[in-house]
Amino acid sequence: MLNVHILVGTMTGIAQLVAQEIELAFAGPELGIDVAFMDALDRRVFEQPGVFLICTSTYGQGDVPDNAKAFYADLGACRDSLAHVHYGVFALGDSTHVGTYCFGGKRFDEVLSARGARRIGEVMEHNASGGTLPEDVAIEWFPQWLQQVCAALAADPAVAAANAGHPGD
């Protein structure tokens, strides 16, 4: 079974709604999905087997949400390799904020990449001014991202086994 850990950074609950909708629509016997708020997280979250989906809004002048600040700072201070981590990003933003559009998600992408973590797929950017609901966009986007995850993991059976929580299979 593949495990997807959705890590949520939110100010108003929209990113939480996106994560919950993904969990409700796709969790099942072959796909474990758990949702965790970033409030109490640190880099040890990446010791869990599975892949990670960063689902975060952008706040203020392109900042990560308040509940994600300590986690983001911990990752920034981390000097350990996160090369074993595979992740994706669903970033929420508003294109009317031209200079900081979706920066919450982009900041997490940068800090994880700098530690050697490997992003699967492109950063998904949801535009609050685009006339679509982020949870609807996420439901359409997630299966395509999951296909990319499966392809990336299939390319390296040892990585796939470790991410599924069954080392050595």
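In table form, for the structure just shown:
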{"item": "Qualifying positions in segment 5-44 - touching a residue at least 40 places away in the same chain (Cβ under 8 Å) and outside any helix (DSSP H, G or I)", "result": "His5, Ile6, Leu7, Val8, Gly9, Thr10, Met11, Thr12, Leu31"}
{"item": "Residue satisfying condition, being touching a Cys at 6+ places or on another chain (Cβ under 7 Å), among the aliphatic types (A, V, I, L, M) and under 18 Å from Val4 (Cα atoms), within set Ala91, Ala138", "result": "Ala91"}
{"item": "Elements of type helices (runs of 4 or more DSSP H) in segment 55-169, at least 1 residues being modelled with pLDDT of 95 or more", "result": "69-77, 103-114, 134-154"}
{"item": "Test result for Phe103, among the aromatic types (Phe, Trp, Tyr), touching a helix residue (DSSP H, G or I) at 6+ places or on another chain (Cβ under 6 Å), surrounded by 15 or more Cβ atoms within 10 Å (Cβ to Cβ) and closer than 16 Å to Gly9 by Cβ", "result": "no"}
{"item": "Among (1) buried (at least 17 other Cβ atoms within 10 Å of the Cβ); (2) at negative phi - the single one Gly50 does not satisfy", "result": "(2)"}
{"item": "Residue that is farthest from Leu7 (Cα to Cα), among those in segment 107-118 that are in contact with a helix residue (DSSP H, G or I) (Cβ under 9 Å, 6 or more places away or on another chain) and buried (at least 17 other Cβ atoms within 10 Å of the Cβ)", "result": "Arg115"}
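The values are calculated or read from the model by the stated rules, or taken from the named source; none is laboratory data. Computed from a prediction, not measured in an experiment: that's the story for all the values here. All Cβ positions, even for glycine, are placed from backbone atoms using ideal geometry, and neighbour counts span all protein chains on display.
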